[in-house]
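Chemist: What follows is a single structure, and I will ask about it in a moment.
FYI, it's all coordinate maths here, none of it is from the lab. What you see is a predicted model, and the numbers here were worked out from it, not measured in a lab. Because the Cβ atoms are built from the backbone with ideal geometry, glycine has one as well, and the counts that use them run over all protein chains shown.
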Amino acid sequence: MDCPYCGGSSRVVDSRPISDGIRRRRECQQCEQRFTTHERLAPVELRVVKASGESEEFQAAKIERVVRRVTRDLGVSDQRVRQLVRHVEAQLSLLRGPTVSSRHLAALVLDQLEGLHPLAHHRLRANYTDPDGRLLPSPVGDLEEPDEVDQIALFRGEEG
């Protein structure tokens, strides 16, 4: 990485994990100035393929809204929700190929919710899967905001 002061090369002096990535202290090899950089995962460039065959751009905000909905009133902190979303994004970044099925995405979220809070996991599974664990094909009509219907449809493999 180039030094922001003189443009020279820098070396890493210290690295520490932080909640949303890695914090690195660097030192310029020319002017010897020290500076801090923060590294985090680049946004996932991925398309989510629904059961209908239609696809849409992956949006981490949709995952976050669903997770917030199922963790409501459970005492799960905003930081833990953001960590879960980042972990799902990290798993998606390991996929080979430009697409992921909505069912696979839902399975990733369910897997993460199981470790976050058992009741949140149960809420998502109970609302969006059949007794055999398959994602339900029918729409959810009791939600107030149309965007929430779209995000739930994403997990169920339906058109938004």
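Chemist: Using the 10 angstrom Cβ neighbour count as an exposure proxy, how do T37, T99 rank, fewest first?
Modeler: On the way: T37 15, T99 12.
Placing the least packed residue first, the sequence is T99, T37.
Chemist: Any chance you could list P(r) for region 1-43, counting all Cα-Cα pairs in 10 angstrom bins from zero, rounded to whole %?
Modeler: Over region 1-43, the share of Cα pairs per 10 Å bin runs 33, 45, 21, 1 percent.
Chemist: Give me the log10 of I(q) over I(0) for region 1-86 at q = 0.13, 0.21, 0.26 Å⁻¹, as the Debye formula computes it from C-alpha points; what are the numbers?
Modeler: -0.66, -0.96, -1.17
Chemist: Let me ask something else. So which trypsin sites (Lys or Arg not before Pro) in region 45-85 are both in a DSSP loop and have at most 16 other Cβ atoms within 10 Å of their Cβ? If you can, show how the numbers build up before the last one.
Modeler: On the way: sites: R47, K50, K62, R65, R68, R69, R72, R80, R82; in loops: K50, R72.
Loop-located and lightly packed - R72.
Chemist: In nm, to one decimal, how far is the E45 label point from the S15 one, both placed 7 Å along Cα→Cβ?
Modeler: With each label point 7 Å from Cα toward Cβ, the separation is 2.4 nm.
Chemist: Another question, then. Specify, per residue and in Å³, the volume enclosed by the convex hull of the alpha carbon atoms belonging to region 69-132. Could the numbers behind the result be given before it?
Modeler: Values: hull volume 5.8 nm³, N = 64.
Considering the Cα atoms of region 69-132, their hull volume per residue is 91 Å³.
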